[in-house]
Amino acid sequence: MDVAAQSSEITPNGTIPGLFPEPLRARVTFLHAAPFATPVGATAIDICDQEDQVIGDMTGIVFQQVELLVIDPGAYRWKAAMSGSSCVDLVLELPELRLAPGSQTLVVITGDRADYPIDSIVTTLNPGGGFWHLPIIIVDPE
């Protein structure tokens, strides 16, 4: 793990963000299955957080596209918005996700706006493990 590339900011509870080793990170797979516009490019959405910021590379996801997000475990409130709208043209509020270390979750966005409303199906593929609390000691070589 490249600790130098991680943030050195310590949160109020004393943990250092972004230090989960790869096997303990949560995986969320997004499947865009909502054919609400034609052509397909007009279905492009971004996955955004509550501060209206696109999450990682989760931008421009079109109908029938699958994207994987690997993220630190925790509780998340996300939304889907029309791509390029700075996360304000809301398509769907996603339910809160509580992601355990090593968990795998599938989020399917469905609906066509005409016969079926835009909605989501959230399925836990692997619940992962409980939270681990280990002391992390970083020694400055200087």
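The values are calculated or read from the model by the stated rules, or taken from the named source; none is laboratory data. The shown structure was predicted, so the numbers you read here are calculated from the model rather than taken from an experiment. Cβ placement follows ideal geometry from the backbone for every residue including glycine, while neighbour counts extend to all protein chains displayed. Calculation scope for accessible area: heavy atoms of the full protein, side chains included, ligands and nucleic acids excluded. Shrake-Rupley method; radii C 1.70, N 1.55, O 1.52, S 1.80 Å.
Residues in the stretch 63-97 near a label at residue 57, defined as backbone nitrogen under 17 Å from the 7 Å Cα→Cβ point?
Under 17 Å, as judged by backbone N against the label point of residue 57, lie 65-72 of the stretch 63-97.
Given R₀ = 30 Å, what would the calculated FRET efficiency be for residue 114 paired with residue 22, taking r from the Cβ atoms and rounding to 0.05?
That gives a FRET efficiency of 0.10.
In sequence order, what are the phi-derived ³J(HN,Hα) couplings for the stretch 87-103 according to the Karplus relation 6.51 cos²θ - 1.76 cosθ + 1.60 with θ = phi - 60°, rounded to whole Hz, with x for glycine and proline?
Calculated HN-Hα couplings, in order: 6, 9, 7, 5, 9, 6, 8, 7, x, 4, 10, 10, 9, 7, x, x, 7 Hz.
Counting only the heavy atoms of the protein chains, how much of residue 106 is accessible to a 1.4 Å probe, in Å² to the nearest 10?
Accessible area of residue 106: about 50 Å².
How large is the accessible surface of residue 20 in square angstrom, using a 1.4 angstrom probe and rounding to the nearest 10?
For residue 20, the solvent-accessible surface is approximately 70 Å².
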